[in-house]
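Every number here is computed from the coordinates shown, using simple stated rules; none is lab data. Not measured: the values here are computed from a predicted model. Note that each Cβ is placed from the backbone with ideal geometry, even for glycine, and that neighbours are counted across all protein chains shown.
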């Protein structure tokens, strides 16, 4: 079987002896092309040109076909073609034109580039027109230049490519975007998939069609990866017809439990339309509250997208939007290649006793080879932290467990500010990692490197080509979430076949997996997988006949992600330390299965006496540090008090040397006896002229929601003290809200609207506009989490 084909084309008359080199894998061609061109099938041959030797196959003793470049030799003086096999004609199957241009296909090595058009051309672009045939025992073929020219003209005609841009915070938008890309690819549509931060927004007017898949975070916030892109779209110098001629589609991922449901998708849709782009289909809105999740909206939205895209430009789908390319009906090849290394040849650094530098290199190397699209500068941790205090904040027999953690910097000290976040890479239970490795029949002691399979125009294909091998167990434990995250839908489904069922050997398991991946079984799959939060390990144990190669596991197992926490300390109060306030997450599923959060549970079990170094990354949060002269209204029920613990610490230190503005804080919890977080700390700052004291114009107000028959929340306490709230707002105070992302932020916003309307005498609509102006002025901040 030929591994690849090189095409060489020399043209004298028009292109001054240009050489074309093209390459493609024979898998694209095998059995799917019409036989319309005569094939020349010698066992081997040598093609020579006037100025260079082009290629040599097998051995020079086999019959040779010789041709000469037209640069200096006219056709009449070209040597005769000699063949020793009677089945092959002694002359070419056609007479070349008078200029003796030649087009030869022959098995050789890689790459393609057209110096004529200054761009790449895939051989597949030629073969996809069904004009060239292929046989397994074929060595070369000749094509007349007129035919080649017409084929190249067709191939070089601007074939539309569907650009898919995604903006994700937790990975769901990436999963949805990949699903859109797979479905387009199955239909023969050329696709380019990028994160919005990998794409230059200035190039948007030059695109013919763009699909956006975007999530909404917090209270209507854009994902971090989209902030730069969105800033460009909002530039005032962009004219209304800036995107004229561009067709677009938007699919959003959100949660209808939030006040600003799918806000990012909605505002992106409006902005693209305002700039002159034309919507292909009405925007799709995926809802995490739906029994089937966002996929309930995605599937029908994609069906409409293909139909409308085909009407706009049929060239997107050469055989129509309903035709599935036969070669796309298998699971295809995995995106990653695993190389195993012999211990003796492995860099000795990974057999050393693990110190910080070695651990740091292991993490950076493993993450650089991970299927997750980490930014290159995010592979290596900013620092390592060592736990020095693990203190429960809630009563021991209370149903919830909230803890105060204190960490010291043990590598380099990272400068941070109040309001910042820190991401912690959690450790996985070694017993569960071992169980996963054993279940998948992997060698934990093997040393591996993981490489992306090279693809056309893939600039990252060689990014980890020189990666240092890591131990397989280390790679799994540092990059693959095997015992916490639920598998993606693609774990069950790939194109029209299904990855798990493809590798299942038991008939009943195949049938169940096929059902899960079918439209009829979508809801049951959602209940089985996402709702019950089954882990990868649990799913594999439920289907014991499935034996999936490591290449597919690397591609499909959810990546191990660092968990973000609001910092609850002031660096001025605690130099060389960072503090966190963490709710240890646990819950029971609808089928009474006990679940727990990976990172919070892991942290809660750490003993300060253990010498465990925790990789950490520091980020700017949604709560900018306020200057001492700015009055503050803080609202933070539950663990939402975490960033404000740091705010109060910092303001207390500032008050020693500066005049500071008043601070009022509304805190909420269930019971005074059970979960009154940092009680002594808050009360100490309400006394003796403290930051929260009345003498300083401040205040501290607590809502105990379960200590009386009628539930009382922070918004109720705000209304009780509406005069003080309005007084500070009138003085230019900034509002900071932190905590649960369910109803709390919207309830607090409504309370502010009522307070402003009541105290100012303005109608409700004016109060709403007043708050919007406050937000635009950078004085209304929300940091919420689920």
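For a footprinting-style exposure proxy, rank 665, 263 by other Cβ within 10 Å, fewest first. Each step should come with its number before you reach the end.
Numbers: 665 26, 263 19.
Starting with the residue having the fewest Cβ neighbours, the order is 263, 665.
Work out how much length residue 785 to residue 315 would gain on full extension: take 0.36 nm times their residue separation and subtract the Cα-Cα distance, in nm to one decimal. The partial results should precede the final answer.
Details: separation 470, 0.36 × 470 = 169.20 nm, distance 4.39 nm.
Result: 164.8 nm gained on full extension.
Which of 500, 308, 478, 724 has the fewest other C-beta atoms within 10 Å, and how do the rest follow up to the most?
308, 724, 478, 500
Treating each Cα of the stretch 638-766 as an identical point scatterer and ignoring solvent, apply the Debye formula and state log10 I(q)/I(0) at q = 0.16, 0.17 Å⁻¹.
Scattering profile of the stretch 638-766, log10 relative to I(0): -0.85, -0.96.
What distance in nm separates the two pseudo spin-label positions at residue 278 and residue 389, each 7 Å out from Cα along the beta-carbon direction?
Between residue 278 and residue 389, the label points sit 6.4 nm apart.
Order these peptides, 426-433, 750-757, by their mean beta-carbon neighbour count within 10 angstrom, highest first. It would help to have the intermediate numbers written out before the result.
Details: 426-433: 16.1, 750-757: 19.8.
The peptides rank, most packed first, as 750-757, 426-433.
Can you give me the distance in nm between label points at residue 511 and residue 410, each placed 7 Å from the Cα along the Cα-to-Cβ direction?
5.4 nm
Would you order 783, 445 from fewest to most other beta-carbon atoms within 10 Å of each residue's own beta-carbon? The partial results should precede the final answer.
Working: 783 23, 445 10.
Going from sparsest to densest Cβ surroundings: 445, 783.
Using a 7 Å offset from the Cα along the Cα-to-Cβ direction at both residue 197 and residue 596, what is the distance between the two label points in nm, to one decimal?
Those two pseudo-labels are separated by 3.2 nm.
For the stretch 191-271, max minus min Cα coordinate along each principal axis, in Å, sorted largest first?
37, 31, 19
Bin by bin, in steps of 10 Å, what percent of the Cα pairs in the stretch 161-328 do you find, going until the bin that has the longest distance?
Calculated over all Cα pairs of the stretch 161-328, the distribution is 11, 41, 36, 12, 1 percent.
If R0 is 41 Å, what FRET efficiency do you get for residue 379 and residue 290 from their C-beta distance, rounded to 0.05?
0.70
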